[in-house]
Structure formats: C-alpha cells, structure tokens
Amino acid sequence: MEVSPHKLRHTLATRLYSETKNQALIANQLGHTDLNTSAIYISIVDDENRKGLDQL
C-alpha cells in the first residue's frame, strides 16, 4: 500500500477522533478553522454499527 500525506491526515484524524471524540482538537491538529472541513477527514466507525453489521 502506498502512503501519501492525504492518507496520513485521514489516519491521524480518524485515530484521534476515536480516542478523544473531540472534533475541535482534530481541526486544530489539521490546521482547519472550520470544523466541517475536518469532518471529511474523520472516518468514524461506530462500534455499535460495526457489531450490528458483523451479526448480519
């Protein structure tokens, strides 16, 4: 798998959100002034949704 700066930003945002649930912190780390901009970098995987899908 090729690693790019874009993939690293997504990984950082996703893992940081997973640990903190703080979108403002992520926006700060990514250098965004608008929280909506940061939201596109967060791949939220809800444990409850994952469990539901796994049961299918």
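The values are calculated or read from the model by the stated rules, or taken from the named source; none is laboratory data. Remember, predicted model here, so these are calculated numbers, not experimental data. All Cβ positions, glycine included, derive from the backbone under ideal geometry; neighbour counts span all protein chains shown. Ligands, DNA and RNA are stripped out before the accessible areas are found, and what is left, the full protein with its side chains, is counted by its heavy atoms. Shrake-Rupley method; radii C 1.70, N 1.55, O 1.52, S 1.80 Å.
For beta carbons closer than 9 Å, sequence separation of 6+ or different chains, a first residue in the range 26-37 that is of a type in the set (Lys, Arg) and a second that is open to solvent by 100 Å² or more (accessible area, probe 1.4 Å) and not in a helix (DSSP H, G or I), there are no qualifying pairs. Which of the residues that make up the range 20-54 are over 12 Å from Arg9 (Cα atoms), of a type outside the set (Val, Ile, Thr), modelled with pLDDT of 90 or more and not in a loop (DSSP other than H, G, I, E, B)? Result: Gln23, Ala24, Leu25, Asn28. For the range 7-22, filtering for residues that are open to solvent by less than 70 Å² (accessible area, probe 1.4 Å) and over 9 Å from the mean Cα position of the chain (by Cα) leaves 2.
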